[in-house]
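Just so you know, all these numbers are worked out from the coordinates, no wet-lab data involved. Everything numeric here is computed off the predicted structure, so don't read it as measured data. Cβ coordinates were reconstructed from backbone atoms using ideal geometry, including for glycine residues, and neighbour counts include every protein chain displayed.
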2 protein chains.
Amino acid sequence: MASSKAVQAHLVAAFRDECRRRGLASTHQREVIYRVAASRIDHPTPEAIYDLVKREIPSVSLATVYKNLNIFLEAGLLREVTMHHGSLRLDPNTHPHHHLVCERCKSIADLPGEGVEPVRIRSKLPKGFRVERYSVEFTGLCPKCAQRQ
Amino acid sequence: MASSKAVQAHLVAAFRDECRRRGLASTHQREVIYRVAASRIDHPTPEAIYDLVKREIPSVSLATVYKNLNIFLEAGLLREVTMHHGSLRLDPNTHPHHHLVCERCKSIADLPGEGVEPVRIRSKLPKGFRVERYSVEFTGLCPKCAQRQ
DNA sequence: TACTGTTTGATAACAATTATCCGCCAATGT
DNA sequence: ACATTGGCGGATAATTGTTATCAAACAGTA
Ligand SMILES: [Mn+2]
Ligand SMILES: [Mn+2]
Ligand SMILES: [Zn+2]
Ligand SMILES: [Zn+2]
C-alpha cells in the first residue's frame, strides 16, 4: 500500500503539472495550501485550512488561502460540499422531500419524497453513524437556464 | 380545489394556534412574515422574505425578519434547505459521492458513489429540468455524537 | 385600565468573504 | 546569470450575511 507521503508526492506532482497547464505560478504557498486541502477527508473550512497552513508558513495570509482555494475550485481540483453556502434558504415544506438545484441561477425546486424510490445503501456505513433522514440533491439546469444555453 | 386565499387563511389559523401553544405573541409582523415564508415554494433567502414583507409593512426591520425566521425554524414551522450555509466546506474528492452529515457537530463524512444503489426517479421531473448529477445527503448523528447521546 | 413580559425597529457588532494596493518573486527570454 | 514583467502574497479595508443590544411600543392577562 502506498504511504501517505508517496500519495502526497504524487498529488503535488500532479498539482505542479496542473499549474503549468493553466499558466499558474507554482509558489510555495500555493503548493502547501493545495497539499493541506487535498489531504483532508473531513471537508474543512477555509479557516481550518488556514490554521493548518500556518503551521508550515506562519506568515501566510488568510486572503492568500481564500484566493487559492477559489482558484482550485475554478480549476476543478477541489469542490464545495454544497452550492448553498452563501445565505440561508428557507423551506416551508416540512415533509421529507428532495431538491432540484440549478447550478447556474441557484434556484431550488422540490421533488416530493415519493418521487424517488427509497434509497438503498450498499456498503457499510462508517461504524456507529445513526441515519435519521436523507434527501437527494439533483444538480443541473433549470428549465429557464437550460433553454437559453 | 382550494383557492390560494383559503389555503393561506388555513395556514394563518394554524399559525395562530401554534403561537398560543408556544406562548408566542401573535403580532402583525410575525403573521405576515410567516404567511410570506409559508407561501413560497422557491426556498427564499431572508432578504427575499424581507423585501416581500416590506410591501405589506414598509417599516419592518430586517432584524425582525431574521428573529422570527429563527423562531419558526426552532418551532419546526420552517426548515433550512441545508445545514452547511454558514461557511464554505471544501472537498478534495472530485468523484461522484454522497455525504453523512452530523446534525450536532456538523461533521461531514464521505460515502463512495458505489455505496448507494443508483437512485431512481418515480415521478415526472419539473418539465425541462436537465439533471447532470445527484448526491444523497444522509443526516443524523456521527459515531462520537451518537455515543454521548 | 394597569401591569408585565415580549416584540419591534434602529443600529452596533460580529463573522465570512472579497477587493484593493503595493512590494516581491517565479517564469520567461536573452 | 541577469533583467524584465505579469502574477502573487501580505496587510488591511470593504462588503455581505447574521446576531446582539437596547429603549420604546405592544400583546396578553386580569
Ligand atoms: Mn424544499
Ligand atoms: Mn465529500
Ligand atoms: Zn437556473
Ligand atoms: Zn457529530
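Helical content of chain B, expressed as a calculated mean residue ellipticity at 222 nm, amounts to -12500 deg cm²/dmol (DSSP H runs of 4 or more residues, -39,500 (n - 2.57) each, divided by residue number, nearest 500). The angle separating the long axis of helix A:62-75 from the principal Cα axis of greatest extent in chain A is about 60 degrees. Once the Cα atoms are used to define both axes, helix A:28-38 deviates from the longest principal axis of chain A by about 40 degrees.
Gyration tensor analysis over the Cα atoms of chain B returns equivalent ellipsoid semi-axes of 34, 21, 16 Å (largest first, whole Å). Applying D = kT/(6 pi eta Rh) to the stretch B:4-75, where Rh is the Kirkwood radius over alpha-carbon pairs, T corresponds to 25 °C and eta to 0.890 mPa s, the Stokes-Einstein value obtained is 198 µm²/s.
Comparing B:101, B:116, B:32 in a Gaussian network model of chain B where C-alpha atoms under 10 Å apart are linked, the largest mean-square fluctuation is found at B:116. Express as a percent, rounded to the nearest 5, the fraction of DSSP beta bridges in chain B (both residues included) that run antiparallel. Once the DSSP bridges in chain B are tallied, antiparallel ones form about 55 percent. For chain A, a Gaussian network of Cα nodes joined below 10 Å ranks A:17, A:42, A:110 by mean-square fluctuation, and the top entry is A:42. In this Cβ point-charge picture (+1 for Lys and Arg, -1 for Asp and Glu), the protein assembly as shown has a dipole of about 60 debye about its Cα centre. With the convex hull of the Cα atoms taken as the outline of the stretch B:42-127, the averaged projected area works out to 9.1 nm². For the pair the stretch A:30-52 / the stretch B:45-114, the C-alpha centres are spaced 24 Å from each other.
Put a plus charge on the Cβ of each Lys and Arg, a minus charge on the Cβ of each Asp and Glu, and nothing anywhere else: the dipole of the stretch A:1-81 about its Cα centre is then about 260 debye. Within straight-line reach of residue B:106, meaning a Cα separation under 20 Å, sit the following lysines at least 8 residues removed in sequence or on another chain: A:127, B:144. The share of C-alpha pairs in the stretch B:97-148 whose separation exceeds 16 Å stands at 54 percent. Structure remark: mean-square fluctuation, Gaussian network model of chain A, C-alpha springs under 10 Å; the largest value among A:126, A:118, A:96 belongs to A:126. Each Lys and Arg Cβ is given +1 and each Asp and Glu Cβ -1; about its Cα centre, chain A then shows a dipole of about 440 debye. Farthest toward the dipole's positive end in the stretch B:4-75, which of B:64, B:36, B:25, given Cβ charges of +1 (Lys, Arg) and -1 (Asp, Glu) about the Cα centre? Result: B:25. Of the three principal axes defined by the Cα atoms of the protein assembly as shown, the extents in descending order read 65, 51, 43 Å.
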